[in-house]
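Read the figures in this text as sums done on the coordinates, not as results from a lab. Being a predicted model, the structure only gives us computed values, none of them experimental. FYI the Cβ positions are ideal-geometry reconstructions off the backbone, even for glycines, and counts take in every protein chain you see.
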Amino acid sequence: MKRTEQLLNYMTEHLEDYLLNLQQAVLLESPTEGAPTELAACRLYFEELFRSIGFHVERVPSLDPRFGTHLLMEYGSLQTPAAAGSDAETGSAAQPAANADKSVAAAQPAVPNRLLIGGHYDTVHKLGAFGEEPWRVEGDKIIGPGVLDMKGGDVMVWMAVKALQDLHLMPENAQILFFLTSDEEAGSYGSSQLYKSLASRSKATFIVESSVGVEGDYIGGLKCGRFGRGNYTFTAHGIPCHSGIDPTAGESGLLELSKQAQALTDLTYFNKINPATGNPETVTVGCTALHSGEAGWPTVPGDGTLTIDARYSTMALAEEYDSRFRNLTSFNPNVSITVSGGIEKPPFDKDLPGNKTLQALAIDTGAEFGVEMHPGVVRGGSDGNFTASTGCPTLDGMGVTGGAVHQLGEYIRISHLPFRLAFLAEMMLRVLEDSALR
C-alpha cells in the first residue's frame, strides 16, 4: 500500500479522535484580549494534548505584556547541534521560559532538518459570542469560535504527528517544531520576532491557517503568498471653537481628517501593471477609525485621530506608501498632522525560490491523493509574512477548509478533513526527506 493511502486510511478511521479534541479546544474559548484565565485554560489543554504524544513543551512569555503566553513544542531530535545555546545532543530549539525574550529572539544559524509549523490559539471572538451552543454540527459543517481560525489547524498538527507515530513513518534525524502563539489576531506584536528567529534556523515553515481556493472552501486550497500590511494613525492638531457662535472661527481637526480619509481611500487600486516589471500590483487603503469631538457638545473639535489599514502586494510598494503616509500634507495649513505606526507585516512573496519549491511539492503531493491543489495569494496577513521575510521557504493555508472566517457563522468542512490531515502529514514527511530544501 502506498504511503499516501496509508495516511488517508488512518485519518478516515481516526477522524473521531480529531473531532473530539477539536471540540474541547473550541469550547475553551480564548479571545486574544480575554481574561488571563480564559487564555490559560486553552493553553493548558494544548500543552497536555501535545505532551501526550511525546512533544517537549516550553512556555514562552510574550514579548508584549498585553498578551498571553506562547507555547514552543518540539518533536523528534537532531543528531547535530541545532544552534549556539541549544542542547547539542537533541538539537533542541526550545529555550527556558525565563530567557525566552533574549535567547529565542537571538539570530541563530539554520538547521538542516527542522520543520517549523506556526499556529495560534487566540481568536477574534469575545467570550460567549456564539451563545449557549458554541459547538454546532450542521450537516457537513462544524460551527464554532475559532474552529476555522485556527484551532482546526492546530489540532491537525497533533493528529498528523500521531499518525506518523502510529504508522512508524517519522524519519530519524528530523524535528518538528510547533510554535503556538497567543496574539496573532492582534498583529503578533509579542511573537513576530520569535517567529523570525525560529524560521531563520528552520528548513521550511508551514502555517496551519485555513485554506483558500478558487471555489471558496475548496478541498485543495492553499495560501502561497500574502500582502504586506501597514497600520497608521494620523493625529490632527487644530484650534477648537464654539459651534454656535461662530463655527468658522477655529481650525477643525475633524474636517481635516474627514478630507484625509477620502483622499487616502482614493489611493486604492487593483492589479495595476507596473511598467518596469510587467507585474500587476495592488494597494488598498481602508479607514478603520475616526475619532474627533464629543457628541452633544457645542464645540467644533480642533484635534482628532484617523487610523488606516493599508495593504501592499510588494515590499517596494510598502516602502513607497510608508514614506507617503509619514509625510502627509494637511489640506488646511493651520492644522498640523503627526503620524504614528508603520509597516506591520512585510509581504509574503510567492515567487521566492524556496516558496515556489514548496508550492510545486504541494501540487505533486495533492496529485498523489487525486486532488488538484490551488495555491492562492490573499490580502489578509498571517505569521507566514514574518517567516517568509527571513528567506525560510513558507507555505500557508495548510489547515482546514471552511468559511465565514471572523464571523459568527465560522465553520469547517467535515468531509474534507481526512484528506487535509493526510496531506499535512505527507507534506511533513516530504519536507523532512527533501535534501534540496535550504
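Among the GluC sites (Glu not before Pro) in the range 195-285, which ones are in a DSSP loop with at most 11 other Cβ atoms within 10 Å of the Cβ? Mind listing them? Spell out each step's value before the answer.
Numbers: sites: E209, E215, E251, E256, E281; in loops: E209, E215.
When the GluC sites (Glu not before Pro) of the range 195-285 are filtered for loop state and at most 11 Cβ neighbours within 10 Å, E215 remain.
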(request) Using Cα positions and a limit of under 18 Å, work out the aspartates and glutamates in reach of K259, with same-chain residues fewer than 8 apart set aside. (result) E251, D303, D309
(request) Note down the magnitude of the dipole of the range 111-192 about its Cα centre, charges +1 on Lys and Arg C-beta and -1 on Asp and Glu C-beta and zero elsewhere, to the nearest 20 debye. (result) 160
(request) Rank these for me by crowding, D434, D122, D396, going from fewest to most other beta carbons within 10 Å. (result) D434, D122, D396
(request) Please sort by residue number the trypsin sites (Lys or Arg not before Pro) in the range 337-408 whose DSSP state is loop and whose Cβ has at most 15 other Cβ atoms within 10 Å. (result) R379
(request) Working from Cα positions, state the angle (0 to 90°, nearest 10) between the long axis of helix 353-368 and the longest principal axis of the chain. (result) 50
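Ranking I414, I207, I53 by Cβ neighbours within 10 Å, fewest first, what do you get? Write out the running numbers ahead of the final one.
Details: I414 17, I207 29, I53 14.
In order of increasing Cβ crowding within 10 Å: I53, I414, I207.
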(request) Send over the Kirkwood Rh of the chain, from the inverse of the averaged 1/r over different Cα pairs, rounded to one decimal Å. (result) 23.1
(request) Rounded to whole Å and sorted largest first, list the principal axis extents of the Cα atoms in the range 228-345. (result) 57, 23, 20
(request) Arrange the following residues from fewest to most other Cβ atoms within 10 Å of their Cβ: Y45, Y269, Y321, Y189. (result) Y269, Y189, Y45, Y321
